[in-house]
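Worksheet: one structure, shown below.
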Amino acid sequence: MECRSDDEVTRALLAGLDDLGTRACVVAERSVLATLEAGCSAPVAAHAEIGEAEDGGDEIYLRASVTAIDGSDAVRGSTSGPATDAARLGRELAAELLDRGAAALVAASR
């Protein structure tokens, strides 16, 4: 859900619906897409899940893929880490994919 950042009444009402695990997953996935500069038609996938870390805290498991339009090539990767580092994990995974050739696949989809 979204609301205006200056609408304190609505933000307070929506706060009860906010799930920190879901928020962390969305942040991680969106960070991948933003770093890859992938638009709506780009053949990019990002999926994050929350699991329990060894210390009992929340850990994110993040996977991402960039695929050629015709499916002939793909660059895939995964990472995991504390849910509190969701944005960083997404950026780092996307940077790794870019280093491995994802930029050419994204560019070819434009």
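The values are calculated or read from the model by the stated rules, or taken from the named source; none is laboratory data. No experiment lies behind these values; they were computed from the predicted model shown. Here Cβ is always computed from backbone atoms with ideal geometry, including for glycine, and neighbour counts include all displayed protein chains. Just so you know, the surface numbers come from the protein's heavy atoms only, side chains and all, with ligands and any DNA or RNA stripped out. Shrake-Rupley method; radii C 1.70, N 1.55, O 1.52, S 1.80 Å.
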Inset, instruction - For the range 25-39, indicate whether the set of residues that are modelled with pLDDT under 95, more than 28 Å from Ser109 (Cβ to Cβ) and not acidic (Asp, Glu) is non-empty. - result: no
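Taking Ser78 as the residue in question, decide whether it is under 30 Å from Arg110 (Cα atoms), open to solvent by less than 40 Å² (accessible area, probe 1.4 Å) and not in a loop (DSSP other than H, G, I, E, B).
The answer is no for Ser78.
Does any residue of the range 35-42 turn out to be in a helix (DSSP H, G or I) and open to solvent by 40 Å² or more (accessible area, probe 1.4 Å)? Explain how you work it out, then say what you get.
To start, the set of residues in the range 35-42 that are in a helix (DSSP H, G or I) comprises 35-36.
Among the residues that remain, those that are also open to solvent by 40 Å² or more (accessible area, probe 1.4 Å) are: 35.
Yes; the residues of the range 35-42 include at least one that is in a helix (DSSP H, G or I) and open to solvent by 40 Å² or more (accessible area, probe 1.4 Å).
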